Amino acid sequence: MTTTTITTPDSDSGVLPPAIAPTSKRKARVARGLVFPALFISIALTQIPFLVTIVVSFLNWNQLRPDEISFAGLSNYIAVFTTGDFLEALIATVTITGSSVILALVLGLGFALLLDRKFLGQGVVRTLMITPFLVMPAAAALIWKYSMLDVNVGMVNVGLNAIGLPSVSFNTDLPVVTIIMLMTWQFTPFFMLILLAGLQSQSKEVLEAASVDGAGAIRTFRHMTLPHLRQYIEIAILLGGIMMLQMFDPIAIMTKGTGGTKTLPYLLYERAFIGLDIGQAAAFGVITVIITIGAASLALRSLFKVFVEGEVR
């Protein structure tokens, strides 16, 4: 049995393009048809909850009066921007996230530079350095609240007492500093891993040539290593910032949103489970998702740029 194919000449070169047999077209249509169910389920699972949240954000729905659900129009969104809580939460989110990102970046770069050198036990040290990032956020918050910062038995206060200084109630007196310390401790390994990958992708021959030409360590780092790490630093800041932006467990466990630590995720939780106002909580959630999508778009654009340009080896 033979298959007849139809070809048309190329208008520019006059060369006939390769024809696609009907059998191949039929196989391609079947393959696409098999993908559609999985694609539909994926879209439904990821988008339907958000669409439902948008619908709920336009409703008057308070758990104290579950039988009195009605259409609220834009009143929930107006409440988001007029109550004052949103601006306060946004400032707290930017302060805590920005400070944690900067500290984690500086510490992560320092540790990456140390681990980029060969020494005995390098693998063991690298594994131990990654450990904080592997701890669940809730477990990390409990460790810091009771084992590290407790007024009576916390290791930090025991150390302060040992050198003659009084104990500090970090959770109540320095809540913002406490949250920043915890998030910096947990996310420094994440920054370190990305920057270490950048350091190990740098050409050793170029560094040796710079050393032979008389360039010192600081000059080499400033003019060669740091520009090479620019893309890695950008990726670490954007991805780390997005993850820190969504942190909820440390604030709920350690400070409960007091002392300037009421971030956007905690404010959403407070509206839904303390204020029992589901409609307003949904409006806060939609606004938070829009902000996160904006930050995520920057991160994805940076990632796409890096891999397209082939600067990651």
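The values are calculated or read from the model by the stated rules, or taken from the named source; none is laboratory data. On a predicted model such as this, the values are computed, not experimentally measured, just so you know. Cβ placement follows ideal geometry from the backbone for every residue including glycine, while neighbour counts extend to all protein chains displayed. Just the protein is used for accessible areas: all its heavy atoms, side chains included, with ligands, DNA and RNA removed. Shrake-Rupley method; radii C 1.70, N 1.55, O 1.52, S 1.80 Å.
Which residue is surrounded by the fewest Cβ atoms within 10 Å (Cβ to Cβ), if the candidates are limited to segment 230-244 and must be closer than 15 Å to Leu90 by Cα and at pLDDT 85 or above? Break it down into steps so the answer makes sense when it comes.
Going residue by residue through segment 230-244, those that are closer than 15 Å to Leu90 by Cα are 241-242, 244.
Restricting the remaining residues to those that are at pLDDT 85 or above gives 241, 244.
Numbers: Gly241: 20, Met244: 23.
Step by step, filter segment 230-244, then rank; the result is Gly241.
Selection of segment 67-107 for residues being over 18 Å from Ala236 (Cα atoms), hydrophobic (A, V, I, L, M, F, W, C), assigned to a helix (DSSP H, G or I) and touching a helix residue (DSSP H, G or I) at 6+ places or on another chain (Cβ under 7 Å) yields Ala79, Val80, Phe86, Ala89, Leu90.
How about segment 197-229: which of its residues are among the aliphatic types (A, V, I, L, M) and either open to solvent by 70 Å² or more (accessible area, probe 1.4 Å) or more than 30 Å from Leu182 (Cβ to Cβ) (or both)? Val206, Leu207, Ala209, Ala210, Val212, Ala215, Ala217, Ile218, Met224, listed by residue number. Criterion first (at pLDDT 85 or above, open to solvent by 40 Å² or more (accessible area, probe 1.4 Å) and in contact with a Ser or Thr (Cβ under 8 Å, 6 or more places away or on another chain)) does Gly279 satisfy it? It is false that Gly279 is at pLDDT 85 or above, open to solvent by 40 Å² or more (accessible area, probe 1.4 Å) and in contact with a Ser or Thr (Cβ under 8 Å, 6 or more places away or on another chain). Among the residues that make up segment 44-62, is at least one of them free of Cβ contacts under 8 Å to residues at least 12 places away in the same chain, of a type in the set (Phe, Trp, Tyr) and part of a helix (DSSP H, G or I)? No, every residue in segment 44-62 fails to be free of Cβ contacts under 8 Å to residues at least 12 places away in the same chain, of a type in the set (Phe, Trp, Tyr) and part of a helix (DSSP H, G or I).
For segment 188-298, give me every one of the helices (runs of 4 or more DSSP H) that falls completely inside it and has 3 or more residues that are in contact (Cβ under 8 Å) with a residue 24 or more places away in the chain. Spell out how you get there, then give the answer.
On the way: elements: 204-212, 217-220, 226-245, 264-273.
Where helices (runs of 4 or more DSSP H) fall fully within segment 188-298 and carry at least 3 residues being in contact (Cβ under 8 Å) with a residue 24 or more places away in the chain, they are 226-245, 264-273.
Note on segment 68-87: residues that are in contact (Cβ under 8 Å) with a residue 12 or more places away in the chain and surrounded by 13 or more Cβ atoms within 10 Å (Cβ to Cβ) total 8.
Counting only residues that are touching a helix residue (DSSP H, G or I) at 6+ places or on another chain (Cβ under 7 Å) and open to solvent by 50 Å² or more (accessible area, probe 1.4 Å), how many does segment 178-192 have? Step through it out loud before you land on a result.
Going residue by residue through segment 178-192, those that are touching a helix residue (DSSP H, G or I) at 6+ places or on another chain (Cβ under 7 Å) are 178-180, 182-192.
Checking which are open to solvent by 50 Å² or more (accessible area, probe 1.4 Å) leaves us with 185.
Residues that pass the stated criteria total 1.
Could you check segment 118-141 and list, in sequence order, the residues that are open to solvent by less than 40 Å² (accessible area, probe 1.4 Å) and assigned to a helix (DSSP H, G or I)?
Passing the criteria: Gln122, Ile130, Pro132, Ala138, Ala139, Ala140, Ala141.
Tell me, please, whether a residue that is of a type in the set (Val, Ile, Thr) and open to solvent by 50 Å² or more (accessible area, probe 1.4 Å) can be found in segment 259-273.
No, that holds for no residue.
For the residues Leu105, Leu90, the requirement of being surrounded by 14 or more Cβ atoms within 10 Å (Cβ to Cβ) and at pLDDT 90 or above singles out Leu105.
For every residue, the table says whether it meets (1) among the β-branched types (Val, Ile, Thr); (2) within 16 Å of Gly240 (Cβ to Cβ); (3) within 26 Å of the chain's Cα centre (by Cα).
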residue: Ala112; (1), (2), (3): no, yes, yes
residue: Ile130; (1), (2), (3): yes, yes, yes
residue: Pro137; (1), (2), (3): no, yes, yes
residue: Val158; (1), (2), (3): yes, no, no
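Of all residues being touching a Leu at 6+ places or on another chain (Cβ under 9 Å), of a type outside the set (S, T, N, Q) and outside any helix (DSSP H, G or I) in segment 150-173, which is most open to solvent (accessible area, probe 1.4 Å)? Just the residue, please. Within segment 150-173, the match that is most open to solvent (accessible area, probe 1.4 Å) is Pro166.
Are any residues in segment 108-117 assigned to a helix (DSSP H, G or I), in contact (Cβ under 8 Å) with a residue 60 or more places away in the chain and open to solvent by less than 60 Å² (accessible area, probe 1.4 Å), and if so, which ones?
Within segment 108-117, the first condition is being assigned to a helix (DSSP H, G or I), and the residues that meet it are 108-115.
Next, from what is left, pick out any that are in contact (Cβ under 8 Å) with a residue 60 or more places away in the chain: 108-109, 111-113, 115.
Within segment 108-117, Gly108, Leu109, Ala112, Leu115 meet the criteria.
Take the conditions within 25 Å of Val125 (Cβ to Cβ), at pLDDT below 95, touching a Phe, Trp or Tyr at 6+ places or on another chain (Cβ under 7 Å) and hydrophobic (A, V, I, L, M, F, W, C) and apply them to Leu195. Does it pass? So Leu195 fits the description; yes. The numbered conditions (1) under 13 Å from Ala281 (Cα atoms); (2) without any contact (Cβ under 8 Å) to a residue 12 or more places away in the chain are all true for Lys27 except (1).
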